[in-house]
Every structure is written in C-alpha cells, then in structure tokens.
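The values are calculated or read from the model by the stated rules, or taken from the named source; none is laboratory data. Keep in mind that what you see is a predicted model, and the values were worked out from it rather than measured. For neighbour counting, all protein chains shown are included, and Cβ atoms are generated from backbone atoms with ideal geometry for every residue, glycine included. For the accessible areas, the whole protein counts, side chains as well, though only heavy atoms, and no ligand, DNA or RNA atoms are used. Shrake-Rupley method; radii C 1.70, N 1.55, O 1.52, S 1.80 Å.
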Amino acid sequence: MQTHEARLAALREELKRRELDGFVVPISDEHMSEYVGEYAQRLAWLTGFGGSAGTAVVMLDRAAMFVDGRYTLQVRDQVDGRLWDYESIPQTSPVDWLGEHAAKGARIGFDPWLHSPGWAKAAEKALAANGATLVAVESNPVDAVWQDRPAASAAAARPHDEALAGRSSADKRGVIADWLKAKGYDATVITALDSVAWLFNIRGSDVSRTPVALSFAVVLADGTADLFIAPEKVTPELSAHLGNAVTVRDRAAFEDALATMNGQTVAVDPDRAVAAIFRALEDAGATVVEERDPVVLPKAIKTEAEQAGHRAAQARDGAAVAKFLNWIASEAPSGRVSEMEASDRLEAFRAESDRLTDLSFDTISGGGPNGAVVHYRVSEETNRQLEPNSVYLVDSGGQYADGTTDITRTVWVGPDAPPAEVKDRFTRVLKGHIALAMAVFPKGTVGSQLDTLARQFLWAAGLDYAHGTGHGVGSYLSVHEGPQNIGKGGRPKEQELLPGMILSNEPGYYKTGEYGIRIENLVLVETREIAGAEHEMMGFETLTFAPIDRNLVQTALLTGAEREWLNAYHAKVRAIVGPQLTGAPLAWLEEQCAPLRA
C-alpha cells in the first residue's frame, strides 16, 4: 500500500503532466455532502485525515491542510507535519492562502463538481490579483493516481414509508411546484442527497451513516420531476412508489439533461449545488436564479408523524444508551475497557432492538485526553484503555426508520471521586445545557440569540468551547441538517427557529491533553402558551432520555430551578427508559435517576 508521502508525490507528478501548479482537494462530492461515499474520500486517501470537514491545497513545492477548531488536535495526529502545513479556518482560508502563495502565472486546478460557484469565484478573484489562474479540470487528478479507488455504491434505493414521513411525495412536489409558479420559474435543480430523499420519500445505502441514494432531481412547475439515479438502483418496488409523474433517468445523463434547458428559468441553490451545474446551465442558455433549495425548510419542519417517530426512536435509543452506561460503570473502572471496545459495545446494545439500520455517525469514544478532541474518531493507532479515575466522553447516535438520534454523555470512570476542577467544569456545562433547555423565546428568534445562554457559565470562569451549541437533525436522514442551528452567529440570513424543527443542545468544555466534557440532548421547537403573553412564544421539548452522570455534578453550583429541571428530567428518563430494562441495568437506572438533594 502506498504511503501518504508517496501519494502526495504521485499527485504532484500528475499535476506536472497536466501543466498545473497546484490543486485543491476538499471533502466533498457532486452533491456538496458533509459525509461522502467511499469513492469520494479523496482527502482521506491523500492525507490520512479522518474528519468530516477540511480542505487540502497541494502545490508543487509545498502543501497545506485546512481545518476548523473541531479538528485542531485530530489533524496533527493524522496528517504528517513533515509534508503538510497546518492552517486554521477561519483565521486562514484556502482561498486566502492561495492568493498569498500562488506565483504569478501559476495555474491552480479545481474540480468544478466538488466546489460551490461562490468558492470558485472567490478563488478566481484571489488568484487573479496575483496574476495566477484558476483552472477547472475535466477529470480529477486525484482519481488518476488513486489506483484502488472504490466504485460508487450500487445498492438499491428503497421507498420510505409514507406513514413515517407524514406526507406523500406528490404532496411535497406540489408544494415545490406552487413555489416555482409563484416565483415565475420553470424548474429547480435539487442536488443535496437528503433533499432528494425527503422529496421523493426514498432512502438508500450509498453513504455511510446517512440513508441516502446517489441521485439528482429536476422538479418542474407542473409538479412532475425527473429523478437521475443509476439504473441498477431502481427496483420494481421503487418504480411503483415513484409513480407516473416522476421520470426515472440514468444519473450519468444528468449533465446532458442540463444542456437541454435552453430558455428556461431555473432555480439553483449556490450553497448546495456545485459550480459545474451552474456552468452547464449557463452554457445551455438557461437563466439561472440563485435560490435556497426549496426543500430545505419544509424538510426541517417535522410532520406530526415524524415527531412521533422520533420520540419512539429516542425511547428505544435511550434504553440502549442506559444499558451501555451501566456497563461502563461496572466494567471501565477495571482499566480493561478500551475506547474501541466501548464503541463496539454501544453499537451492540443499539442493535439489540432489531430496528437499527446504521449508526448516524462514527461514534466518538474518547477517554481522557482523546475526549478533548472535539470530533475524535478512535482508530487502532489512537485506541486507549479507559483509565480508572478519568473522564470518558461518548457521542453517538443511531439511524432508525422512524428517527435519527444523536446523544453525548460524559461520565466519570471511578473508583475514586472526581477532582473538584472536573466537577466544576461539568456543572458549568450542565447549567448551560439546562438554561438552553428551559429557554422561552418569541417567534422570529434565531439560534445565535440563544447561544449565549449555553456559554454564560463557562464565560463567567473565562472558559469557552470552539464549536456550535446546536445543529439541526433530520428524520431518518442526515444527523447534521440545516437551515436551523444554534451558534455564535455571523452567518448571513440566519434562519429563525420554527415549531417542528429538531436541534441538538450540546455545550461542552475541552482541556487539551487531559479531558473533554459535552452534554447533548436533542430538542424540538414547540409553541408555548403563556397567560398574558403579547407575542407568540416558543420553547423546547427535550427528546433525548438517558441519565446525566450525577457523580460529576457539583450540587452547590446549581440553583433550585436547575436542580428541579434535572430531577424532572431524570424522572422522565426513569418513566420512558425504565420499562424497557430489567435486572442490574434497571437497578442502576433507578439509582442514577433518584432525585438530587440540595
């Protein structure tokens, strides 16, 4: 097997052959997906980086790896510092770096099927200021040197039960058609895999941890649609499910189909569609209008059926997590449990229900200092034993046909009591979690207006965390879903929170080289009736139910209201999860959920 050094050298030789002076390698696919299929894992193959967000820039004489604060530690563990410079986003972007390092006359390649049009325009401008040129390649040079590159998945797509979706595909397409007619557009191109899956009520197995099928769609103003998907994925059952209003075409014919849209006004999302799609439509003579994917918002607002399914999935998932936490409490203090064994055991507990179709992401199973790596992924090289008297962080989730889960718990591995600092940090994170869970806010509120609630107790001690507080979650779809989020802000046109949206509530604290703390539940935005209210008000329904480690709570730091919330939460955990347990796990759960006294 080639070393990463040999792979980098091979890519440079390929660039020379193509008369390119550099090339940009993102984690992306033709759908701008966060998680990509094995065939599209170009960055991981080239560099060894296993995170879900990052970009490499390869020049003939130097190379740089760009990641955000979630991966600051991970990138140094996985990517060879002899070969790559480490750059932090947003302090330094790949575009800025190219503008600084590309020489006059340099030709820098990019794959237009992996980048947004906005990125391409910014890179072109930055390079032009230096006298350099951005070159769209016809084929990806990484693929030319990746000798054992996997083929794209050929797994069949499958219908998603309308009873779980709560709406028919025809109804969803009708809503999109009405939007097109109201805007005066002829068609819209849907490129995001989860949008296509939601719109047609289909699911697939083409991307690890996300139940989607590789496909594109064009929806017309009359409610009909073309679905571009590989023929081997289409079963008689799927054809019957799609109906006569949907024309199934080969995914390989997608680019040629765009070339036939001369004279049409076509809406395309510049954040979710790649530059090549815009170029193909413009070359065809279509009028391209930049609009947010019209599926994004209705997908984020869960139907009553999806909400009910999610609660059922959470109850099932909570029982698996409770069994796991009981197992950790019993076995980990021996020092004989590894991070990988713990991760595997948690998946096994989830699989006991026979309803698990996949995990919703690779489990973050971090003991001690590995827990301080925000998006840590255990490997054979990094796997460590969970040491007695240490902090263990586990962030995990499951994909069930009725819902997608995501939960983080941080526990103390005894047998001794945790140190005062750890309890202080944990309790400050818990207080922020409770503050957000208890928030009541008026219609029109955006996530950045709530973010401070979760950080305030850490800020009071001069502490913070380098990630968002909450992300949207799909319904048997992507574990990270927009447009809703809770973070520090700064995003243009931030989405207001609306009833039916599901988000995570996950403040944290990370002490590099020692331990990490995060407490994560999923919450549902709901309306709130308040006597005498002069505005339409909303709040959160907590959806996730598993014990929060009482051993790490500094009770004196909690207010009476916070203690009442924690006791009420644990009472619900006991009521929802308890009936699914017996024996030692049930006894443990009852002990963990007993009321916390002042």
If you plug each phi of region 19-28 into the Karplus form 6.51 cos²θ - 1.76 cosθ + 1.60 with θ = phi - 60°, what whole-Hz ³J(HN,Hα) values come out, in order, with x for Gly and Pro?
6, 10, 9, x, 8, 9, 10, x, 8, 6
With each run of n ≥ 4 DSSP H residues scored as -39500 (n - 2.57), what mean residue ellipticity at 222 nm is computed for the chain after dividing by its residue count and rounding to the nearest 500 deg cm²/dmol?
-10500 deg cm²/dmol
Nitroxide proxy distance, nm - points 7 Å out along Cα→Cβ at Ser139 and Ala587
6.6 nm
Would you be so kind as to identify which of Leu458, Asn383, Ile434 lies farthest towards the positive end of the dipole of region 370-529, taking Lys and Arg as +1 and Asp and Glu as -1 on Cβ and the Cα centre as origin?
Leu458
Where a Cα-Cα gap under 30 Å defines reach, which lysines qualify for Lys16, not counting those fewer than 8 residues away within the same chain?
Lys104, Lys121, Lys125
Between Thr260 and Ala155, with labels modelled 7 Å along Cα→Cβ, what's the label distance in nm to one decimal, could you check?
3.1 nm
So for region 1-54, averaging the separation of alpha carbon pairs under 8 Å that are six or more residues apart and normalising by length, what relative contact order in percent results?
35 percent
Cα centre as origin, Lys/Arg/Asp/Glu Cβ charges: region 422-545 dipole, Debye
460 debye
In the set (1) 82, 56, 46; (2) 70, 56, 47; (3) 88, 66, 38, which value of Cα extents along the principal axes in Å was calculated from the structure you see?
(2)
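At 1.4 Å probe radius, can you tell me the per residue accessible area of region 504-554 in Å²?
Per residue, region 504-554 has an accessible area of 37 Å².
Percent relative contact order of region 355-442, based on C-alpha pairs within less than 8 angstrom and at least six residues apart?
27 percent
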Give the accessible surface of region 84-225 per residue, rounded to a whole number of Å², with probe radius 1.4 Å and ligands, DNA and RNA excluded.
40 Å²
Any chance you could give the angle, 0 to 90 degrees and rounded to 10, that helix 117-128 forms with the longest Cα principal axis of the chain?
70 degrees
Please give the residues of region 424-462, grouped as numeric ranges, whose backbone N is less than 19 Å from a label point set 7 Å along the Cα-to-Cβ vector of Leu596.
424-439, 453-461
Tabulate in residue order the Karplus-calculated ³J(HN,Hα) for region 214-220, using 6.51 cos²θ - 1.76 cosθ + 1.60 with θ = phi - 60°, rounded to whole Hz; enter x for Gly and Pro.
4, 6, 10, 9, 10, 10, 9
Residues of region 343-396: accessible area per residue at 1.4 Å, in Å²?
41 Å²
Note, region 514-523: 3J(HN,Hα) by Karplus (6.51, -1.76, 1.60, θ = phi - 60°), whole Hz, Gly/Pro = x, goes 10, 6, x, 10, 8, 10, 10, 10, 8, 10
To the nearest 10 degrees, the tilt of helix 420-437 (Cα long axis) against the first principal axis of the alpha carbons of the chain is 70 degrees
The longest stretch of the chain containing none of the GluC sites (Glu not before Pro) that sit in a DSSP loop with at most 15 other Cβ atoms within 10 Å is 139-351
By how many nm would the segment from Lys104 to Asp354 grow when fully extended, if each residue of separation counts as 0.36 nm and the alpha-carbon distance is taken off?
84.0 nm
From the residues Ala273, Val196, His310, which one has its Cα farthest along the dipole of the chain in the positive direction, the dipole being from +1 and -1 charges on Cβ of Lys/Arg and Asp/Glu about the Cα centre?
His310
Taking the Cβ-Cβ separation of Asp344 and Glu387 as r and a Förster radius of 25 Å, what is the calculated FRET efficiency to the nearest 0.05?
0.85
Cα axis of helix 560-577 to longest principal axis of the chain: angle in degrees, 0 to 90, nearest 10?
80 degrees
Nearest-0.05 FRET efficiency for Arg62 and Asp178, computed from C-beta distance (R0 51 Å):
0.45
Burial order of peptide ranges 67-73, 208-214 (average beta-carbon count within 10 Å, highest first):
208-214, 67-73
Grab the beta carbon distance between Asn551 and Glu526, set R0 = 30 Å, and tell me the FRET efficiency rounded to 0.05.
0.40
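Which trypsin sites (Lys or Arg not before Pro) does region 481-580 hold that lie in a coil by DSSP with at most 15 other beta carbons within 10 Å?
Working: sites: Lys488, Lys493, Lys511, Arg518, Arg528, Arg550, Arg563, Lys572, Arg574; in loops: Lys488, Lys493.
Qualifying residues, ordered by number: Lys488, Lys493.
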Based on Cβ point charges of +1 for Lys and Arg and -1 for Asp and Glu, what charge dipole magnitude is obtained for the chain about its Cα centre, in debye rounded to the nearest 20?
880 debye
Positive-end residue, region 65-118 charge dipole about Cα centroid, Cβ charges, pick of Tyr71, Ala103, Leu114:
Ala103
5 angstrom amide H check on Thr544, placed H, neighbours 5+ away:
Leu522
How many percent of the accessible area of region 278-434 is carbon or sulfur, using a 1.4 Å probe?
46 percent
Roughly how big is region 18-141's charge dipole about its Cα centre, with Cβ charges of +1 (Lys, Arg) and -1 (Asp, Glu), in debye to the nearest 20?
240 debye
Kindly flag which residue pairs out of Lys431/Lys511; Lys423/Lys488; Lys302/Lys431 have an alpha-carbon separation exceeding 23 Å in this structure.
Lys423/Lys488; Lys302/Lys431
Residues in region 166-184 that a label on Thr287 would reach, taking backbone N under 11 Å of a point 7 Å out along Cα→Cβ
184
